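What follows is a set of notes on a single structure, which appears directly below.
The values are calculated or read from the model by the stated rules, or taken from the named source; none is laboratory data. These figures come from a predicted structure and were not determined experimentally. Counting neighbours? That spans all protein chains shown, and the Cβs are built from the backbone with ideal geometry, glycine included.
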Amino acid sequence: MIVYSSTKRGFLNDVLAGEVEKQVLSSFVREMGHSTGQAEVKSWRNSLTYMSNVINDAELPDDAGVAIEYKIPQTSKRIDFILTGRNFENKKTAVLIELKQWSEAELTDMDGVVSTFVGGGKREVNHPSYQVWSYATLLEDFNSNVQTENISLKPCAYLHNYAEDEVIRNDFYKEYIDKAPVFLKNDAKTSSVY
C-alpha cells in the first residue's frame, strides 16, 4: 500500500504549494484507517522539503515516480520515500530512501544498531542503512512485481540534519553502508545512487 503517489513534477508542485504533508496525512488516514501524531506530520513537512531539494535535479526526469510511506505487505514496516523510473542503462529501478531527522548518533557494539535521541529519549535503533537494506531485502524476496518485472532496488538513507562525524559512517557499519549508502546534509544528490 502506498500512502502518496505522484510524479517528480507533481511532488515538487505539492511541496511548493505547501500541501504535501496535508495530502500525505489525508491519504494516510484513508489507507490506514486512523490518523497519526503531529510529530509525524511535522517530520513529513521537514523531510519532504529536503527531498524536494534533492530531486529537483534536471538529470531526474519529471515523470519519475514518487511514492511516500509505502507499507510493506504483511509487515508494519513503511518505506519513507521511493523514486521509480529507469536508470542510465534503461533498467527499471526503484530507489528506496529512509529519511531521518537525526543530527547525532552514538556507536554501539550491536550489529547494525546505533544509539540516538528518538521518541523523547535516547534509544538503541537500527542504523538507517541497515533499516532500508532490510526493507529492500523483504521486497526482493517477497514482492512478485519486483521479481517478475526484474526491478533493480537501490536502498539508501538520507539524514538531512546530520553532519559528518565518526559514527554514522563508521567502519563498524560498513557492511550495511556498502549495501545502502548513507547521505548526510552536505552530500551529493541521491541520483548518484542510480
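Worth a mention:
- Of all residues making up segment 36-81, the number that are surrounded by 12 or more Cβ atoms within 10 Å (Cβ to Cβ) and among the polar types (S, T, N, Q): 8
- The condition (being at pLDDT 90 or above, in a strand (DSSP E or B), out of contact with any helix residue (DSSP H, G or I) (no Cβ under 7 Å at 6 or more places or on another chain) and farther than 19 Å from Leu159 by Cα) is satisfied by just one residue among Thr116, Thr84: Thr84.
- Enumeration of residues in segment 140-181 that are modelled with pLDDT of 95 or more and in a helix (DSSP H, G or I): Asp171, Phe172, Tyr173, Lys174, Glu175, Tyr176, Ile177, Asp178, Lys179
- Among the numbered conditions (1) under 20 Å from Thr84 (Cα atoms); (2) touching a Leu at 6+ places or on another chain (Cβ under 8 Å); (3) part of a loop (DSSP other than H, G, I, E, B), the only one that Ser35 does not meet is (1).
- From the list Asp187, Asp109, the lone residue that is surrounded by 13 or more Cβ atoms within 10 Å (Cβ to Cβ), in a loop (DSSP other than H, G, I, E, B), of a type outside the set (Val, Ile, Thr) and out of contact with any His (no Cβ under 9 Å at 6 or more places or on another chain) is Asp187.
- Criterion: in contact (Cβ under 8 Å) with a residue 12 or more places away in the chain, over 18 Å from the mean Cα position of the chain (by Cα) and at positive phi - qualifying residue of Asn90, Asn170, Asn150: Asn150
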